[in-house]
Structure formats: C-alpha cells, structure tokens
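Student: Below are the structure tokens for one structure; questions will follow.
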Amino acid sequence: MPYITIGRIIQVFNERHPNRTILYLVSNKGIDEFPHGRVSLKTAIEWQAKEKICNVYAPS
C-alpha cells in the first residue's frame, strides 16, 4: 500500500454500510473534520494499523 502522507486521499471501509466506502483527505490540521471529508494524519495512521483503509490515492 502506498505511503499515507498529508495531501493524499484515502478510501476507508464504511462500518455502517459494508458495501460502501468513504473518501477522506489527509489534512495537516491536528483535528478530524469528518463532515468536511478531512482527517488528521494521526487518525489515518491509526486506521491503517486497524486495516480500515482499502486504498490510497495521490493527487496529480
């Protein structure tokens, strides 16, 4: 899996709806803003450890 860094988009498994995923932007802020589609780098790394991330996209 590609590296998770600030500015990348991660695709996360949705726990409420198993057949759906959610896209989040890894932001440089230290807080999570789920309604705006942004998560902190700390949360993204925690999700990677728990294997909740299914894909990582690098913006071009």
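Student: Given that just one value was derived from the coordinates, which of (1) 26, 17, 8; (2) 53, 17, 6; (3) 16, 13, 11 is semi-axes √(5λ) of the Cα gyration tensor in Å?
Tutor: Of the listed options (1) 26, 17, 8; (2) 53, 17, 6; (3) 16, 13, 11, (3) comes from this structure.
Student: Okay, next question. Taking all protein chains as present, what is the carbon and sulfur share of the accessible area of the chain, in % to the nearest whole number, probe 1.4 Å?
Tutor: 53 percent
Student: For every other residue with a beta carbon closer than 12 angstrom to the beta carbon of S40, add +1 if it is Lys or Arg and -1 if Asp or Glu, then tell me the sum.
Tutor: Charge balance in the 12 Å sphere: 0.
Student: Then there's this: Give the accessible surface of the chain per residue, rounded to a whole number of Å², with probe radius 1.4 Å and ligands, DNA and RNA excluded.
Tutor: Roughly 74 Å² per residue, with all protein chains present.
The values are calculated or read from the model by the stated rules, or taken from the named source; none is laboratory data. Remember, it's a predicted structure, so these values are computed and weren't measured experimentally. When we count neighbours, we look across all protein chains shown, and the Cβ atoms used for this are built from the backbone with ideal geometry, even at glycine. Heavy atoms of the whole protein, side chains included, go into the accessibility calculation; ligands, DNA and RNA do not. Shrake-Rupley method; radii C 1.70, N 1.55, O 1.52, S 1.80 Å.
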